[in-house]
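The values are calculated or read from the model by the stated rules, or taken from the named source; none is laboratory data. Values in this document were obtained by computation on a predicted structure and should not be read as measured data. Here the Cβ is made from the backbone with ideal geometry for all residues, glycine too, and neighbour counts use every protein chain on show. What goes into the accessible areas is simple: the full protein's heavy atoms, side chains included, and nothing from ligands, DNA or RNA. Shrake-Rupley method; radii C 1.70, N 1.55, O 1.52, S 1.80 Å.
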Amino acid sequence: MNLIAILKVAMRALGRNKMRSALTMLGIIIGVGAVIAMVSIGQGAQQMVSSQINSMGSNMLYVQPGNMMQGGASMGMGAASTLTEEDVVAIQREIPTVAHVSPVVRSSGQLVFGNQNWFVQIQGTNDQFPEIRSWKVQEGDFFNEADVQSASRVIVLGRTVADKLFPGMDPVGQTIRVRNLPFRVAGVLEAKGQSMVGQDQDDTAIVPYTTVQRKLAGRTIPAIGQAMVTGVSETGSKLAEKQIADLLRQRHKIGAGESDDFMVRNMADVAATSAQLTTIMTLLLGSIAAISLIVGGIGIMNIMLVSVTERTREIGIRMAVGARPNYIRLQFLTESLMLSLLGGLIGILIGAGISRGISGVLGWPTLVSSLSVFVSFAFATAIGIFFGYYPAHKAAALDPIEALRYE
Amino acid sequence: MIVDTGRKVNIAGPQEDSGAVIRVERVHKIYKMGDVEVHALHGASLSVNRGEFVSIMGPSGSGKSTMMNIIGCLDRPTKGQYFLAGQDVSKLNKAQLADIRNQRVGFVFQSFNLVPRTSALENVELPLVYAGVGSSERLRRAREALAIVGLSDRERNMPNQLSGGQQQRVAIARSLVNHPSIILADEPTGALDTRTSTEVMEIFQRLNRERSLTIIVVTHEPDIADYGTRIVSFRDGRIKRDVPVESRRDAAAVLRELPPPGEDEDDEQ
Ligand SMILES: Nc1ncnc2c1ncn2[C@@H]1O[C@H](COP(=O)(O)OP(=O)(O)O)[C@@H](O)[C@H]1O
Ligand SMILES: [Mg+2]
């Protein structure tokens, strides 16, 4: 069989109805584009998460009040917390595998310096924060234990906040006002960039948690939202997870069989949760892509049926001069395959463009994997053959005389 | 030359096979249209020797086209046998019939049947494509065939850029490009004026004389039938008359007699 001749005829047939061919390919374009964009964004997100987790230290644990099963994971500010300052101290004191513990008390407020002001989320914590988050101080110093004990009005700024309040100035040693109280700027943290959900981690200010509770609190004293714990080592942190749970159950007088009023989560859990989310998202988008591909395939089948009908007489002529039924079948299969493959190619380009665009906006490292390109092409091919087969078969089964007589 | 109806062929027997390139024996063709059966051929027998030029005549609906389609392997008889060059082709499958149409038969239709939006050259190349001939050989042979019908200067034209006579000449070039032994033409001049009809018949006569091609032409016009060597008449699916042409016409001579061609018809793009 003469493949070049078949390709030439196919190209001419599709080129004759450019608009129709383009519209027919649309379903495949959207489906493949969605697959490519989805896979590359999903992979980017996963890469982001794992690099974040690595940067936080994989042996870090979170202790949170409440229990996710009871929907109490995030207690509002001021709500009675099941995680107390004493719990945090006990974890530090009684568990030998724990290296560092720091509580987190959240607040927020307007920071004012001269005529500059900036609204930030304020984190109240202790002096072990830089160790636990492996977050270095770039200028000045972090506050110390004494500052925590005395609830001093010292503040450490994230890079973004420092740049906003002190453009072209050294913030260290300056005094800013937070909720009308003067705070001394002790230091500036080094830039950390965006978090895995696209939040600027440097848009933050850190003060002793005691200061939040005693100086910045309004009518209610904000409770400890969570405690961050690091183990002495990776294995130490696994041990610590169990020991913290035992300690807190004992301290909270939780009997056997009763459920915990706190949660200890390690970074592997966090990673697993985010992986699960990614999987759900992938499945969701994947099914949209699959539906789109099937709809696209039906579109191809429809147009190929129209094409066979339109070209009935031409088919008759070709048969009359010696085209075997198989040749006719191959001719029409080639045309539907061309539609689906071209659609797939355009879809890959568009999908790559979309993922590139999203990575630009969110700062995610997206990448178009060769596997997803290969899978897309395989899908497009399968669709071209599957949905092109029936029209091609119909063409091949035509009776030459009737086809020649067709008006 | 076999003069009488099919019965004579029967008597002839297998030893005469070498002479008859076409041997149709008591062929029936029945079309079923719902409950109605149309008996298009009623036990027609026909034998044609190599190098004959047969004109088929008969009223509309008498089964001429049906017979041509069977001879050309476009269709299969409901009953009866058909031997093409001694080979029984009545039981071949679709692919085998396609190969026979491709290799041994050339078809010319009343309505030209060129592939639209495809140049004259590519139309002529078509049978060679299906024969698996390489592109340079295809080009050479297609050009040769176009030269035979006098259309070398029109090879790039699309069918809609050719006059009816030119289109029919392209179709004839296509029918002979694969060097078949038989050319079948079903009312090839039905859509043409006198002059172009004569031109087409001149090509057939030339092919018949110079290449000993077996030619069968269906026509309604006695003038056209007289270009052949033998006239077979159909009626109601049977052959009623089968006679040699007494005074055969010479198309080349007729063309010389005709007034000079209206050049504008041939030159229109
Ligand atoms: N495909 C078909 N289906 C049904 N009847 C047909 C078909 N082709 C031909 N016929 C019938 O068979 C008869 C012979 O037709 P045909 O061979 O085309 O006649 P002719 O070519 O001599 O005019 C006619 O009555 C015609 O109506
Ligand atoms: Mg007819």
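Against the conditions (1) open to solvent by 20 Å² or more (accessible area, probe 1.4 Å); (2) in contact (Cβ under 8 Å) with a residue 24 or more places away in the chain, where does residue B:224 fall short? Just the number, please.
Of everything listed in (1) open to solvent by 20 Å² or more (accessible area, probe 1.4 Å); (2) in contact (Cβ under 8 Å) with a residue 24 or more places away in the chain, residue B:224 misses just condition (1).
Among the numbered conditions (1) surrounded by fewer than 18 Cβ atoms within 10 Å (Cβ to Cβ); (2) small (Gly, Ala, Ser); (3) at pLDDT below 85, tell me where residue A:245 comes up short.
That leaves (3) as the condition not met.
Being modelled with pLDDT under 95 and within 16 Å of ligand 2 (Cβ to nearest atom): is that true of residue B:185 here?
no
Let's see how each residue does on (1) free of Cβ contacts under 8 Å to residues at least 12 places away in the same chain; (2) away from chain B (no Cβ under 14 Å):
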{"residue": "A:296", "(1), (2)": "no, yes"}
{"residue": "A:317", "(1), (2)": "no, no"}
{"residue": "A:367", "(1), (2)": "no, yes"}
{"residue": "A:370", "(1), (2)": "yes, yes"}
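Listed residues A:322, A:296, A:286, A:255; which is crowded, with 22+ Cβ neighbours inside 10 Å and farther than 28 Å from residue B:101 by Cβ?
Matching residue, one of A:322, A:296, A:286, A:255: A:296.
In region B:109-155, what count of residues is obtained for those that are at positive phi and away from ligand 1 (no atom under 16 Å from the Cβ)?
4
Taking helices (runs of 4 or more DSSP H) that fall entirely within region A:102-221, which contain at least 1 residues that are open to solvent by less than 10 Å² (accessible area, probe 1.4 Å)?
Here the list reads A:129-132, A:159-165.
Of B:81, B:103, which residue is within 23 Å of residue A:328 (Cα to Cα) and more than 16 Å from ligand 2 (Cβ to nearest atom)?
B:103
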